[in-house]
Structure formats: structure tokens, C-alpha cells
Amino acid sequence: MKKSKTAVKGRGEIPSDLEDFLSKNDSRIHDELFEFLRIPSVSAKSEHNGDTKRAADWVKNALDKIGVPAKIYPTAGHPIVMGEWRKAPGAPTVLIYGHYDVQPAEPLDLWTSPPFEPTMRNGKIFARGSVDDKGQLFLHIKALEAHLAMRKKLPVNVVIIAEGEEEVGSDNLAEFVVEQKELLKADAVVISDSAMFAPGLPSILSSLRGLAYFEINVQGPAGDLHSGSYGGAVVNPAMALARILATFHDKDGRIAIPGFYKKVREWDPRIRKQMRSLPFDDRTLMKETSVAALGGEKGYSTLEKLWIRPTCEVNGMLSGYTGEGAKTVLPAKAMAKVSCRLVPDQDPADIAKLMKAHVAKVAPKGVKVRVDTLHGGRPWRAELNGPIYDAARSALRAAFGKEPVITGEGGSIPVVGDFQKILGAPVLLVGFGLPGENAHAPDEWMSDENFRLGMRAVATLWDEYGGKAGRGKSEEVEDDRD
Ligand code: BES
Ligand code: ZN
């Protein structure tokens, strides 16, 4: 079949055969996505282990079906699925990564439609995992299918892995990457598990924050006590915990754990300048989150606070009586979940040491305090140049009709730092989510337009990358396909 490039709805140049395939198969593709979204693959909850396994099998079958033979690799936790297609000698190899696990859906009563019954409303696909990350993983599978169905081949060699533990810290993935280093060797890693800066504005990520997650337990008396009979003399664990947490920041919002900023690398002034040029308004964020004022570290813009500065947050607290009415009790214990978002070159293991030393120092007498590390992930910063980035810019322009912007991200994808370190390959993070998509919250959604354009952008990316990095100009690739 002769491939020609056509402008689709004035958006740019998506190869017409791929566009034809994706539009003709649109309804089946949506049916399949909805089937994937119906599987409640909640990695954090063991009651869903069977569903998580089912989601892994589903991904394997989806890859087998399109002609990318896949295998399931068991781990100490949830399995990893890996598919391979290596029939383009001389062309570059790409490693595509995504995750098939999702966050818990609770609180269920806040969902407009049930989390595992995908529903389309106003151009949005509502379901747990729609955008994070099943929809974005699936659009990659369909982009590969478009090539294989229309041309019986791909312009690049492909290894695709889907893991089932991203939402719980990817504990078993780094080991897998080390073990399978040879199989995973690639010229570039491509991941869609993030968001665009604004609707219609395609975005390439320049950084991700890392994570160091802790549980702090404070134990006071052996059991709950009458707060009248004992309060005032016996140290209250809830108050002790509050005091400890209050030492984490100074009055300017800086983290006051000694040594915390030691390894924080200065950011390139050009990137900071570019950040300031993005269309962003504090009031939009206040509206999106329904808050009357923003906080955080003095001396930095909001985007800097979110993307390039570290944080230390309380994610949850538990202590004493929390039921209806009043109960005069001095609780025996208190607990807090605390996580620090990290920036280059902070190391989660170093931060864990600093946190433990600091808590031990500030813990009041009269209570026992324990800090456990739950999980961690390295921060990451992109190089942003080379053939994969050039190809991504062209492909995003073709699909969205706009020059992509470079953005940062405050969230974490633990394996990204490992990929860069272990495989030594550049990582391209190109996401198709949108602000306000409710990832991790009730009513998570993915824009259907972005799902469709994402498939087209990624399908075009492989032509652009195969052409640019592999076989010279893309015209030569076209000649092969008569
Ligand atoms: N897809 C997100 C990462 C992300 C978050 C990208 C926000 C863009 C915007 C990912 O699935 C995620 O939520 N990661 C966790 C990692 C953690 C559980 C180790 C995170 O950032 O909290
Ligand atoms: Zn995700």
C-alpha cells in the first residue's frame, strides 16, 4: 500500500493509512478500552490480586492479538507483561512503559458513575484508571496495531512493558530491569503516564519528582486512658506526633530537617525562564482545587513549588477518638503517613536517614517513636535533545496542530530514574492527561479527544523516529512500502 501523508482536519500530517485505520476502528477500539477499564486491578489491595492478574493477562492477549508476542513475568508482587517485536534490522529500538494497576477507587459514594463501569460523558471517559494509566497504555498498543495492521511491520523495533505495581511504588521493577537489562536495551524509552499542560497544548515533560514515603508511629501508654485522670501528666501521643510534624517546616515553608537540601541541584535558568513563560495563573489553580489561598515555600513561583522544589507532606493521620460526639480519652498511640517529594539529586535512601535522625532528635520524652520507610523513587530530569525528542515534537505537532511545550511534573513515576540509570537510554515522557482529570480521586476521567489524538501522535511518532534515527529521511521509508 502506498503511504501518503495527509492533513487531517487541518491538524497536520498524520500518515493517512494510520489515520484511516484508527478512524475505521474507532468504535471497536473504544469497546476494548472499556473492557480493560472494567477490570478492578487495584494493586494496593490484596482482595483484588485476582483482578490484577486478570488485567496482566488482558494486556498480554491485547499484545499477542496485534502481533507483538508477549510473556508474563511473575514477580514477588504483581506480574510484569513484556511484548517484543524486533523485525526492523537497522532501525532503532524503543522501550514503551506503562502500568495496568490503578489506585483504590474509594470513596465510592463520591463517584457519579461506578469506577469500574466506564462511562462517556461530555467527551470524557470516566473510570478509575482511564487516564492513570490504562487509557494511556492502551493508546500505545493501538498505535502499534495501526502500523502492524496496515503495513505488516513497524518502523522501529519495540519492547513494551506493563507493570502492575506502579501505584504502590514499583518495588519489583528495578530488579526486573537489572535482570532483563539485555532484553530491555533500547535507544529510547517512551512513557505516557502524565498530563498535558492545558487542553489542546501537547506537552513534553522535562522532570519528575522522586518520593520518599514514611509511616511514623508514636506509642504512649500501654492502653487508652481517661484524659481527666491522666491528662496533663502522661504525654499525649497525638500531641507528641503533632509536635514532631510541626518541626518539618520553618515559618517560610522551607523544610527544616537538617541536611534535606544538601543535594538539591540548581535548575538551569533557561528552564526556569521557560517555566515562567507558560500560560499559568495561580487563580486557576485555586479554582481547580477550591481553595482561597495557596501556600508553600517562600521565594518560588507556584510552578516552581510544584515541579522543581522538594516537599514534605502529611498524607494521613490516625489517633484517638474520631467517632460521633465527644469522648474524653488520652489515646495510647498516634500514626501519620508522611511523604517527601524529591528533586534532582536527592536520594530517597539519604532522605530516609535524615528523616529518621531528625524525628529521633525532636521526639518528646515519654513516648516511643518509630519511623518506617514504605517506598521510594528517584527524581528525574530529561536531557531534552536527541532524535526521540525531535521526532516527538513533529509527531505532536502533526496530531495536535500545535508546537509542544516543555513542562515539569510534581508527581513521580519511580522507574523512570531507574531506566535512565540502568539502561542509559533517554526517556521521553509524553502524556495525554489534562489538568483536573481527578487521577487518584473520585470521577477520574480521560479526555476522549486526547485518547484519539494520543493514538495518532504515537503512531506518527514511530514513523518520525524510525525515519529520523534509523533509515535516514522518512521519504526513503515511504518508498519501502509500495
Ligand atoms: N501517573 C502518575 C504520575 C503522575 C502524577 C504523572 C501526576 C503526572 C501527574 C503515577 O501513576 C503516580 O501516581 N505515581 C505515584 C507514585 C507513587 C505511588 C510511588 C505518585 O506520584 O504518587
Ligand atoms: Zn500512573
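Taken together, the values in this text are just the output of simple stated rules run on the coordinates, not laboratory data. Keep in mind the model is a prediction, meaning the values are calculated, not measured. Note that each Cβ is placed from the backbone with ideal geometry, even for glycine, and that neighbours are counted across all protein chains shown.
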For 344-350, 160-166, ranked highest to lowest by mean beta-carbon neighbours within 10 Å, the order is 160-166, 344-350
How about residue 45: which lysines have a C-alpha closer than 17 Å to its C-alpha, ignoring those fewer than 8 places off in the same chain? 53
Can you run phi through the Karplus equation (6.51, -1.76, 1.60; θ = phi - 60°) for the stretch 300-315 and list ³J(HN,Hα) in whole Hz, with x for Gly and Pro? 10, 6, 4, 5, 5, 4, 7, 10, 10, 10, x, 9, 9, 10, 8, 9
For the stretch 291-353, what log10 I(q)/I(0) values come out of the Debye formula at q = 0.18, 0.20, 0.25, 0.27 1/Å, with one point per alpha carbon and no solvent? -0.83, -0.90, -1.10, -1.19
Ordered by packing density, taken as the mean number of other Cβ atoms within 10 Å over each peptide's residues, highest first, how do 55-64, 175-184 rank? 55-64, 175-184
Report, largest value first, the span of the C-alpha coordinates of the chain along each principal axis, in whole Å. 88, 48, 44
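Over the Cα atoms of the stretch 275-397, Rg to Rh with Kirkwood Rh, two decimal places?
Values: Rg = 20.7 Å, Rh = 19.0 Å.
In the stretch 275-397, Rg relative to Rh is 1.09.
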List the lysines whose Cα sits under 16 Å from the Cα of residue 262, skipping any in the same chain fewer than 8 residues away. 353
Can you work out the Karplus-derived ³J(HN,Hα) for every residue in the stretch 88-97? Use 6.51 cos²θ - 1.76 cosθ + 1.60 with θ = phi - 60°, whole Hz, and x for glycine or proline. 10, x, x, 8, x, 10, 10, 10, 9, 10
For the stretch 56-100, the Rg and Dmax computed from alpha carbons only, in angstrom: 11.7, 36
Viscosity 1.567 mPa s, temperature 4 °C: give me the Stokes-Einstein translational D for the stretch 368-429 in µm²/s, with Rh taken as the Kirkwood radius over C-alpha pairs. 92
Straight-line reach from residue 368: which lysines have Cα under 17 Å away, leaving out those fewer than 8 places along the same chain? 333, 337, 356
Mean projection area, nm², convex hull over Cα of the stretch 226-291: 8.6
So if I restrict to the alpha-carbon atoms in the stretch 1-128, what is the Rg, and what is Dmax, the biggest pairwise distance, in Å? 18.0, 54
Stokes-Einstein translational diffusion, the stretch 218-341 - Kirkwood Rh over all Cα pairs, 0.890 mPa s, 25 °C, in µm²/s: 138
Amide H within-cut-off set for residue 203, under 5 Å, with H built and near neighbours excluded: 197, 405, 431
Running Debye on the stretch 90-227 with equal point scatterers at the Cα sites and no solvent, what base-10 log of I(q)/I(0) appears at q = 0.11, 0.15, 0.18 Å⁻¹? -0.60, -0.99, -1.26
